[in-house]
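Read-outs: derived from the displayed coordinates by stated rules, not from any lab. Just so you know, these numbers come straight off a predicted model, no measurement behind them. Neighbour counts are summed over all protein chains in view; Cβ atoms, including those assigned to glycine, are modelled from backbone coordinates with ideal geometry.
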Amino acid sequence: MWQIITRKIRKCTKGDQSGFTLLEMIVSLAIFSIALFIATSAFLSIVNSDRKSRATRVATDNLNLTLEEMSRKIKTGSSYSCLGAAGVADCYTAQSILAFTDQTNVRIIYKRGVGGGAIVGGVSASGCGTSYTATQGCILRSDGGAAFIQSTSPEIDVTSLRFFVTGSALWPDTTQPSVVVAIDGMLGNQASTKVAFKIQTTITQRAYDH
């Protein structure tokens, strides 16, 4: 009797040496593939977010520098004109050109340029330079009637630049001159990393006007 039981145990042990079945392998590979796909998607999402964050930070730093420079020149200037001509001129409706005299008595002009190609002089529409696309906008500055130069980098697409001026007239006008600057645009130079922005700031002339 004992010998019969022993033979049966050996037989069962010897026959229990099979591996995974084909169905089990297919199921295991499917589960592994799904887990790998989820992990890869999460990793690519993190990389894309980091790229977007870096591009936005670079563009934001450049935009902040441009606004600081513009604000400093405007607040220490005088004789503001929305139309870009000599003299002074208020504007209660949006204008795309601002001219004023800075503290060194140099006439400064700010305007929006659009498109690639050469930057041209004057106050008419002009390109932003060869590093810009055909529809991309920028902020241009002219010092003393010289050729315009770029105030923003290609990582910034300025879609709208508007100026509002009040109190530009000299004494006996009792209103302190002020300029409202409104800028709309996109940060980033790739479609997947672009971020829309809207900025508005009010700049008051530092010198006492009356």
Kindly state, to the nearest 0.05, the FRET efficiency for Val106 paired with Ser53, given R0 = 25 Å and r defined as their beta-carbon distance.
0.05
Karplus couplings for region 196-205 from phi (6.51 cos²θ - 1.76 cosθ + 1.60, θ = phi - 60°), rounded to Hz, Gly and Pro as x?
6, 9, 9, 10, 9, 9, 10, 10, 10, 4
Rank these for me by crowding, Val114, Val179, Val165, going from fewest to most other beta carbons within 10 Å.
Val114, Val165, Val179
The answer for Thr76, listing residues at least 5 apart or on another chain whose modeled amide H is closer than 5 Å to its amide H, is Arg206
What is the spin-label model distance, in nm, from Asp90 to Leu23 if the labels are put 7 Å beyond Cα along the C-beta direction?
8.7
Could you work out how far apart the two model spin labels at Arg72 and Thr159 are, taking each label as a point 7 Å from the Cα in the direction of the beta carbon, and quote it in nm?
3.1
Just to be sure I understand the model, the point goes 7 Å from the Cα along the line to the Cβ. What's the resulting Leu65 to Ala39 distance in nm?
4.1
Under 15 Å from Lys73, Cα to Cα: aspartates and glutamates that are on another chain or at least 8 residues apart:
Asp102, Asp143
Might you report the magnitude of the Cβ-based charge dipole of region 46-204 about its Cα centre, with Lys and Arg at +1 and Asp and Glu at -1, to the nearest 20 debye?
280
For Tyr132, list long-range residues whose amide hydrogen, built 1.01 Å from N in the peptide plane, is under 5 Å from its own amide hydrogen.
Gly117
Non-local amide H neighbours of Ser126 (under 5 Å, H modeled in plane, Pro and chain starts lacking H): which ones?
Val114
